[in-house]
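**Q** My questions all concern the structure below.
The values are calculated or read from the model by the stated rules, or taken from the named source; none is laboratory data. Everything numeric in this text was worked out from a predicted model, so none of it was measured. Don't worry about glycine lacking a Cβ; one is built from the backbone with ideal geometry, like all the others, and counts go over all protein chains shown. Calculation scope for accessible area: heavy atoms of the full protein, side chains included, ligands and nucleic acids excluded. Shrake-Rupley method; radii C 1.70, N 1.55, O 1.52, S 1.80 Å.
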Amino acid sequence: MVFFGGLLALIGLVTLVFRDGDVAGVPAVGLGVVLLVLGAAAVGLGLWRKQVVRRRRRERGEPEPVGDVFERAKALPRLIRAARRGEYPGLPTSRMALWGFAVLYLVSPIDVLPELLPIIGVADDAGVAAWLFTSVSTAAGLYLRHERDQEKRLRP
(Lines give C-alpha, C1' and ligand atoms only; values in the text may rest on other atoms or scores of the structure.)
Protein backbone atom coordinates (compact mmCIF):
# COMPACT_ATOMS: atom_id res chain seq x y z
CA MET A 1 0.00 0.00 0.00
CA VAL A 2 2.91 2.31 0.69
CA PHE A 3 4.25 1.62 -2.79
CA PHE A 4 0.91 2.40 -4.47
CA GLY A 5 0.44 5.50 -2.35
CA GLY A 6 3.86 6.75 -3.38
CA LEU A 7 3.07 5.99 -7.01
CA LEU A 8 -0.26 7.84 -6.78
CA ALA A 9 1.38 10.82 -5.11
CA LEU A 10 4.10 10.87 -7.76
CA ILE A 11 1.52 10.79 -10.55
CA GLY A 12 -0.37 13.61 -8.83
CA LEU A 13 2.79 15.66 -8.47
CA VAL A 14 3.75 15.10 -12.12
CA THR A 15 0.22 16.07 -13.16
CA LEU A 16 0.44 19.28 -11.13
CA VAL A 17 3.83 20.25 -12.47
CA PHE A 18 3.71 19.23 -16.12
CA ARG A 19 0.06 19.10 -17.22
CA ASP A 20 -1.59 22.27 -18.48
CA GLY A 21 -4.83 21.09 -20.12
CA ASP A 22 -7.75 19.13 -18.79
CA VAL A 23 -7.49 15.39 -18.24
CA ALA A 24 -10.67 13.64 -19.42
CA GLY A 25 -12.64 16.83 -18.78
CA VAL A 26 -11.21 17.36 -15.29
CA PRO A 27 -8.88 20.30 -14.60
CA ALA A 28 -5.29 19.11 -14.27
CA VAL A 29 -4.78 21.00 -11.00
CA GLY A 30 -7.81 19.36 -9.39
CA LEU A 31 -6.81 15.89 -10.55
CA GLY A 32 -3.23 16.42 -9.42
CA VAL A 33 -4.29 17.57 -5.95
CA VAL A 34 -6.74 14.66 -5.56
CA LEU A 35 -4.09 12.11 -6.61
CA LEU A 36 -1.52 13.70 -4.32
CA VAL A 37 -3.88 13.63 -1.32
CA LEU A 38 -5.01 10.06 -2.05
CA GLY A 39 -1.38 8.99 -2.41
CA ALA A 40 -0.38 10.59 0.89
CA ALA A 41 -3.37 8.97 2.61
CA ALA A 42 -2.46 5.56 1.16
CA VAL A 43 1.15 5.91 2.34
CA GLY A 44 0.00 6.87 5.84
CA LEU A 45 -2.51 4.03 5.96
CA GLY A 46 0.10 1.56 4.71
CA LEU A 47 2.63 2.61 7.34
CA TRP A 48 -0.01 2.40 10.07
CA ARG A 49 -1.07 -1.07 8.86
CA LYS A 50 2.56 -2.21 8.84
CA GLN A 51 2.94 -1.21 12.49
CA VAL A 52 -0.29 -3.01 13.46
CA VAL A 53 0.79 -6.20 11.69
CA ARG A 54 4.25 -6.06 13.28
CA ARG A 55 2.71 -5.58 16.76
CA ARG A 56 0.32 -8.53 16.26
CA ARG A 57 3.19 -10.75 15.16
CA ARG A 58 5.17 -9.88 18.26
CA GLU A 59 2.15 -10.56 20.49
CA ARG A 60 1.67 -13.99 18.92
CA GLY A 61 5.36 -14.77 19.23
CA GLU A 62 5.92 -15.11 15.49
CA PRO A 63 9.49 -14.61 14.28
CA GLU A 64 10.40 -11.33 12.63
CA PRO A 65 12.23 -11.39 9.28
CA VAL A 66 15.87 -10.31 9.50
CA GLY A 67 18.49 -9.06 7.09
CA ASP A 68 18.67 -6.25 4.60
CA VAL A 69 17.74 -6.44 0.93
CA PHE A 70 21.14 -7.76 -0.16
CA GLU A 71 21.30 -10.45 2.53
CA ARG A 72 17.79 -11.57 1.64
CA ALA A 73 18.64 -11.67 -2.08
CA LYS A 74 21.71 -13.81 -1.36
CA ALA A 75 19.63 -16.13 0.84
CA LEU A 76 16.94 -16.71 -1.79
CA PRO A 77 18.74 -19.51 -3.70
CA ARG A 78 19.51 -21.28 -0.39
CA LEU A 79 15.88 -20.88 0.65
CA ILE A 80 14.55 -22.42 -2.56
CA ARG A 81 17.06 -25.31 -2.39
CA ALA A 82 16.22 -26.02 1.25
CA ALA A 83 12.47 -25.85 0.59
CA ARG A 84 12.71 -28.18 -2.43
CA ARG A 85 14.75 -30.71 -0.42
CA GLY A 86 12.26 -30.54 2.45
CA GLU A 87 14.87 -29.17 4.87
CA TYR A 88 12.90 -25.95 5.51
CA PRO A 89 9.18 -26.39 6.21
CA GLY A 90 8.57 -22.63 6.48
CA LEU A 91 8.03 -22.27 2.73
CA PRO A 92 5.18 -24.39 1.36
CA THR A 93 5.32 -25.52 -2.26
CA SER A 94 2.06 -23.66 -2.86
CA ARG A 95 3.87 -20.38 -2.14
CA MET A 96 6.62 -21.22 -4.61
CA ALA A 97 3.94 -22.10 -7.17
CA LEU A 98 2.29 -18.71 -6.60
CA TRP A 99 5.66 -17.04 -7.13
CA GLY A 100 6.03 -18.92 -10.40
CA PHE A 101 2.55 -17.87 -11.55
CA ALA A 102 3.34 -14.26 -10.62
CA VAL A 103 6.54 -14.30 -12.67
CA LEU A 104 4.67 -15.85 -15.60
CA TYR A 105 1.98 -13.18 -15.33
CA LEU A 106 4.57 -10.40 -15.31
CA VAL A 107 6.43 -11.66 -18.40
CA SER A 108 3.32 -12.79 -20.26
CA PRO A 109 1.89 -10.49 -22.93
CA ILE A 110 -1.62 -11.44 -21.77
CA ASP A 111 -2.97 -9.15 -19.01
CA VAL A 112 -6.17 -8.87 -17.03
CA LEU A 113 -6.07 -5.12 -17.62
CA PRO A 114 -4.32 -4.20 -20.88
CA GLU A 115 -1.61 -1.54 -20.86
CA LEU A 116 -3.68 0.50 -23.29
CA LEU A 117 -5.74 1.78 -20.36
CA PRO A 118 -3.92 4.75 -18.83
CA ILE A 119 -2.58 4.23 -15.29
CA ILE A 120 -4.91 1.30 -14.55
CA GLY A 121 -3.33 -0.89 -17.23
CA VAL A 122 0.01 -0.83 -15.47
CA ALA A 123 -1.50 -1.07 -11.98
CA ASP A 124 -2.27 -4.80 -12.17
CA ASP A 125 1.33 -5.58 -13.14
CA ALA A 126 2.60 -3.24 -10.43
CA GLY A 127 0.36 -4.93 -7.87
CA VAL A 128 1.57 -8.40 -8.80
CA ALA A 129 5.20 -7.21 -8.77
CA ALA A 130 4.79 -5.53 -5.37
CA TRP A 131 3.18 -8.67 -3.92
CA LEU A 132 5.91 -10.87 -5.41
CA PHE A 133 8.78 -8.75 -4.08
CA THR A 134 7.18 -8.43 -0.66
CA SER A 135 6.42 -12.12 -0.39
CA VAL A 136 9.88 -13.20 -1.55
CA SER A 137 11.59 -10.68 0.73
CA THR A 138 9.59 -11.75 3.77
CA ALA A 139 10.20 -15.45 3.11
CA ALA A 140 13.93 -14.84 2.64
CA GLY A 141 14.06 -12.79 5.85
CA LEU A 142 12.33 -15.58 7.77
CA TYR A 143 14.74 -18.10 6.27
CA LEU A 144 17.68 -15.96 7.41
CA ARG A 145 16.13 -15.94 10.90
CA HIS A 146 15.88 -19.75 10.69
CA GLU A 147 19.54 -20.04 9.62
CA ARG A 148 20.71 -17.77 12.44
CA ASP A 149 18.66 -19.70 14.99
CA GLN A 150 20.18 -22.96 13.70
CA GLU A 151 23.70 -21.51 14.06
CA LYS A 152 22.95 -20.44 17.66
CA ARG A 153 21.74 -23.94 18.53
CA LEU A 154 24.88 -25.54 17.09
CA ARG A 155 27.26 -23.22 18.96
CA PRO A 156 27.89 -24.13 22.59
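**Q** Answer with yes or no whether SER108 is hydroxyl-bearing (Ser, Thr, Tyr), open to solvent by less than 80 Å² (accessible area, probe 1.4 Å), free of Cβ contacts under 8 Å to residues at least 60 places away in the same chain and under 30 Å from GLU147 (Cα atoms).
**A** The answer is no for SER108.
**Q** Go through segment 62-79 and give me each residue that's under 28 Å from ASP125 (Cβ atoms) and open to solvent by 60 Å² or more (accessible area, probe 1.4 Å).
**A** Across segment 62-79, the qualifying residues are ASP68, VAL69, PHE70, GLU71, ALA73, LYS74, PRO77.
**Q** Could I ask something else about it? Determine if segment 15-22 includes at least one residue that is among the basic types (Lys, Arg) and touching a residue at least 40 places away in the same chain (Cβ under 8 Å).
**A** There is no residue in segment 15-22 that is among the basic types (Lys, Arg) and touching a residue at least 40 places away in the same chain (Cβ under 8 Å).
**Q** Within segment 51-61, is even one residue over 21 Å from GLY6 (Cβ atoms) and surrounded by 13 or more Cβ atoms within 10 Å (Cβ to Cβ)?
**A** Taking every residue of segment 51-61 in turn, at least one turns out to be over 21 Å from GLY6 (Cβ atoms) and surrounded by 13 or more Cβ atoms within 10 Å (Cβ to Cβ).
**Q** Here's something else I'd like to know. Return yes when LEU31 is out of contact with any helix residue (DSSP H, G or I) (no Cβ under 6 Å at 6 or more places or on another chain) and either surrounded by 13 or more Cβ atoms within 10 Å (Cβ to Cβ) or modelled with pLDDT of 85 or more (or both) and no when it is not.
**A** In short, no.
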